[in-house]
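Below is one structure, written out as structure tokens; the observations come after it.
The values are calculated or read from the model by the stated rules, or taken from the named source; none is laboratory data. Values in this document were obtained by computation on a predicted structure and should not be read as measured data. Note: ideal-geometry Cβ built from the backbone for every residue, glycine included; neighbour counts use all protein chains shown.
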Amino acid sequence: MDEKILTIKKKVKKALDNYRYQHTLGVAYTAASLAMRYGEDMERLFLAGILHDCAKNIDNEEKYELCRKYKLDLSDIEKKAPFLIHGKLGAYIAEHEYGVKDKDILNAVRYHTTGRPGMSITEKIIYIADYIEPHRHEAKRLKEIRMEAFTDIDSALRMVLRDSLDFLKGKDRPVDPLTQETYEFYVNQIGKAALP
């Protein structure tokens, strides 16, 4: 593995608690496996997986303070739900503290909690890997989605988006409008009748 990636991996380990770091490793290795399946660069996807939660363990007040400091605009929903901020803040940290200049990786970090219409394969892989990595066990269709991820990435993406929206709405948790918009974008690509 590239020396730069190993250095970043060590820095990220120090920034996260043990639980979050184990999840991060799970995402990185799942992303690398999906990269193999879809003919993508494994090291790039591993790096994106390592970085995806690099801002997750920052205290909520500090997240807000850093967003103000770095002039990162927050939506109304992000102002009310600090758990949504770590993607946007993480992309900034990945670029400015970890030295990552690859815009596709930075977008994968930024949008790994919400998704976005027109995601690249890198973004899709990180979004899905975050949901299906081996330490996850809560999702009701997890086994089915894991299999689908290695068969049809777009179908798996729609499944994750739908199940995430169902979960958030069922728990009466805030839903970022971008997640709803992303789901509708991918549903409209194939038509609702064919949805898995």
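Things worth noting here:
- Qualifying positions in the range 71-110 - in contact (Cβ under 8 Å) with a residue 40 or more places away in the chain and of a type in the set (F, W, Y): Y98
- Hits in the range 99-152 - residues which are among the hydroxyl-bearing types (S, T, Y) and outside any loop (DSSP other than H, G, I, E, B): T122, Y127, Y131
- Number of the condition not met by E40 [criteria: (1) over 20 Å from P174 (Cα atoms); (2) without any contact (Cβ under 8 Å) to a residue 40 or more places away in the chain; (3) charged (D, E, K, R)]: (2)
- Residue match in the range 154-172 (condition: closer than 21 Å to G49 by Cβ, in contact (Cβ under 8 Å) with a residue 60 or more places away in the chain and touching a Lys or Arg at 6+ places or on another chain (Cβ under 7 Å)): no
- Check on L157, buried (at least 17 other Cβ atoms within 10 Å of the Cβ), under 26 Å from D2 (Cα atoms) and either modelled with pLDDT of 95 or more or hydrophobic (A, V, I, L, M, F, W, C) (or both): no
- Selection within the range 22-59 - farther than 17 Å from D102 by Cα, in a helix (DSSP H, G or I) and in contact with an Asp or Glu (Cβ under 9 Å, 6 or more places away or on another chain): H23, T24, L25, G26, V27, Y29, T30, L34
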